[in-house]
1. Sort 134-143, 264-273, 77-86, 185-194 by packing, meaning the average of other beta carbons within 10 Å per residue, with the highest value first.
2. Nearest-5 percent of antiparallel DSSP beta bridges in region 138-278?
3. Just the ratio, please: alpha-carbon radius of gyration of region 208-272 over 2.2 N^0.38 Å, N its number of residues.
4. Binning at 5 angstrom from zero up to the longest distance, how are the C-alpha pair distances of region 84-160 distributed in percent?
5. For Lys31, list the lysines whose Cα falls under 21 Å from its own Cα; do not include residues on the same chain fewer than 8 positions away.
6. Using mean Cβ contacts within 10 Å as the protection proxy, how do 66-72, 227-233 order, highest first?
7. Antiparallel as a % of all DSSP beta bridges within the chain, to the nearest 5?
8. Under 15 Å from the Cβ of Gly143, count the other residues' Cβ atoms, weight Lys and Arg +1, Asp and Glu -1, and hand me the total.
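Derivation of every value follows stated rules applied to the coordinates shown; laboratory data play no part. Keep in mind that this is a model prediction, so the values were computed, not measured. Here the Cβ is made from the backbone with ideal geometry for all residues, glycine too, and neighbour counts use every protein chain on show.
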Amino acid sequence: MRPATAFKSWAHRVLPRPVVNGVWNLASDVKDLPLRLRSPGVPRPWRVWHNVGGGDFHLIGQQYFDWFRSSARLQPDAHVLDMGCGAGRLAFPLADYLDAQGAYTGFDLSERALGFARRHARGAAHFNFIRADVQSREYGGAGAKAAAYRFPADDESMDAALAISLFSHLLPEDAAAYLKEAGRVLKPGGRLCLTGFLVEPGMTLDAAVLPLKPFRDGAWAADPREPERAIGYERAAFEGWLRDAGLQLAEPVASGHWSTAVRAGEFQDRIVAEKLPA
Ligand SMILES: C[S@@+](CC[C@H](N)C(=O)[O-])C[C@H]1O[C@@H](n2cnc3c(N)ncnc32)[C@H](O)[C@@H]1O
């Protein structure tokens, strides 16, 4: 484990979560200041305030968008659902891509992140950012159980859906329920692109970049006492949830480096699923 990661794990054991996350996010914002100063006209959310991930918000968003566009076979008039959209990292490139027949719906539990997206991500398509009032120990949501959340979309109304870095924070029952909802709102043949951690049979993760440990119900967690910080699922459990949702894997899973000992390329696994015909 990197010294910084080991230090953060230790801090989580001895200090309240919001304090550790706040200090960590502030440090990350300070590190990214040069990037912000180089292009002052480009809107960038603050990690400490909007609770987004680190790195170049727009560059990473564009990379995920390129993957989403090709894997979901996206067209400019598509209706897209962005699950756990945060500050709209994917909404920005989608705003450039979707035309007036297209539509984007993003939902997230963070009103601050949604506020940033609403202010800045606009395009020819209809854009809608919706607050999901659900519980999360990691992100501070205190509403209803996420497993009971009904996505803000009609049955079979979406051509494609995405969830970047959302399933890595969902308890197993919430992950299963969110997949079911994705299956409900996708049109037959519609695709869901998501990132997460899939634990394959026989994986040894002790020396991994992200050393997940068994948690419960087919889920593994970095810290089983605080599972929503970083959680993965056994492949068999995940594929079972997909089946129950009327979905199936549409492409081989592209493995991230989280399960290896070397930091190279993508961190999380990239997963593409497709809604089966009724
Ligand atoms: C790592 S961030 C990723 C945000 C965004 N997808 C992106 O790529 O920038 C995870 C997001 O999931 C949201 N989130 C966590 N649990 C959620 C839940 N049960 N329902 C909806 N959003 C959730 C958080 O508020 C946070 O914005």
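1. Working: 134-143: 16.0, 264-273: 18.3, 77-86: 23.8, 185-194: 21.3.
In decreasing order of mean packing, 134-143, 264-273, 77-86, 185-194 become 77-86, 185-194, 264-273, 134-143.
2. Working: 15 of 22 bridges.
Beta bridges within region 138-278, antiparallel portion: roughly 70 percent.
3. Values: Rg = 12.7 Å, N = 65, 2.2 N^0.38 = 10.7 Å.
For region 208-272, the normalised Cα radius of gyration is 1.18.
4. 3, 16, 24, 22, 18, 11, 5, 0
5. Lys8
6. Numbers: 66-72: 17.7, 227-233: 22.6.
By packing density, highest mean first, the sequence is 227-233, 66-72.
7. On the way: 16 of 38 bridges.
Counting only bridges with both partners in the chain, antiparallel ones make up about 40 percent.
8. Here the count lands on -2.
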